Structures are given as structure tokens and as C-alpha cells.
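First comes the structure, then the notes that go with it.
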């Protein structure tokens with residue numbers, strides 16, 4: 001027998017704190033929201049800055065990764081390290097998105113969608129060219145940077 005003690009909401013998921021009276025252990029279970037959201041895919045990617053630094057000055061590299069909206073943001077960064085973080089983060093986010101839904105990787109270029117930021121700085125996905133019907137209604141995306149890496153995580157529902 002267990003007794004639910006609390007539920008913490010984290011966007012798509014609920015973290016439910018439950019304990020089992022037999023062992024007095026707390027067990028944390030990740031569950032979908034009660035609203036009926038169904039997870040359709042997850043993806044994660046990590047990019048080493050040195051890999052991007054080695055190719056970022058090639059003319060076609062930026063054109064392959066970023067669409068016009070993203071390029072407009074890139075040129076606002078005067079600091080070369082910040083440009084590197086931005087490129088690596090966008091690369092990681094788009095790779096994570098491809099991993100979360102193979103349909104996107106089939107016939108869609110990185111420039112068919114953009115990873116932009118809202119007023120609070122949170123990243124979001126904007127799709128420009130999508131063939132066929134896409135099964136997802138929500139895209140949950142996060143990007144993080146360290147001194148040497150950018151990592152992105154995507155959940156599709």
C-alpha cells in the first residue's frame with residue numbers, strides 16, 4: 001500500500017512523491033499529466049564546442065544549420081564565444097528534434113525550422129516547411145551550455 005503525499009508539476013510531466021509503508025521508502029515516479037498528454041518522442045544531443053569551432057567559418061556550415069531568423073540573431077552577438085555557444089546549441093537542439101521524431105529527418109533540412117527564444121529567454125520551435133502530417137502538438141525544448149559543450153533535450157507530445 002502507498003500513500004500519495006505530493007504532486008509537483010513540471011510542464012508535460014507530473015512528479016508524484018509516493019511512499020510504501022512496508023519499507024518506508026520514497027519512490028518518485030514520472031507520470032504524464034492527467035490531461036491526457038501522450039509522449040510521442042524524446043531526443044537528446046550534446047555538441048562539443050571544438051567541433052563547431054573547427055567548421056564555423058566555412059560559408060556553407062552556417063547556411064546548413066541556421067535559417068534566416070536564426071542568422072539574424074547570430075549576427076547580434078559580437079562575442080565570438082557567444083556565437084559559438086549559439087551555433088552549438090542550435091545544432092544540438094535540431095539533432096535532438098530529429099532524434100525525437102524521425103519524420104523530421106526524412107526530407108527536411110535544418111533550415112525548415114528555427115529554434116528561437118521567447119521574451120524570457122526560453123527556446124521554442126518554429127516550423128516553416130513541413131511535408132505530411134505531423135503527429136505532435138507540443139514541443140518541449142531546453143538547451144544548456146557549459147565551458148566546452150552544448151546539450152539539448154526535446155520532448156514531443
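Below is a table of values for the structure above.
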| quantity | calculated |
| --- | --- |
| Filtered residue count, segment 66-98, keeping only those that are touching a helix residue (DSSP H, G or I) at 6+ places or on another chain (Cβ under 8 Å), surrounded by fewer than 21 Cβ atoms within 10 Å (Cβ to Cβ) and within 18 Å of residue 43 (Cα to Cα) | 1 |
| Residue identified as part of a strand (DSSP E or B) and crowded, with 21+ Cβ neighbours inside 10 Å among 155, 151 | 155 |
| Residue check, residue 56 surrounded by fewer than 16 Cβ atoms within 10 Å (Cβ to Cβ), in contact with a helix residue (DSSP H, G or I) (Cβ under 9 Å, 6 or more places away or on another chain) and in the same structural domain as residue 97 (by TED's automatic domain parsing) | no |
| Any hit, segment 83-95, residues being over 17 Å from the mean Cα position of the chain (by Cα), free of Cβ contacts under 8 Å to residues at least 40 places away in the same chain and closer than 18 Å to residue 53 by Cα | yes |
| Test result for residue 26, farther than 23 Å from residue 152 by Cα, in contact with a strand residue (DSSP E or B) (Cβ under 8 Å, 6 or more places away or on another chain) and at pLDDT below 80 | yes |
| Boolean, residue 114 is surrounded by 12 or more Cβ atoms within 10 Å (Cβ to Cβ), at negative phi, in a helix (DSSP H, G or I) and touching a strand residue (DSSP E or B) at 6+ places or on another chain (Cβ under 7 Å) | no |
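The values are calculated or read from the model by the stated rules, or taken from the named source; none is laboratory data. Just so it is clear, the model here is predicted, and its values are computed rather than measured. For neighbour counting, all protein chains shown are included, and Cβ atoms are generated from backbone atoms with ideal geometry for every residue, glycine included.
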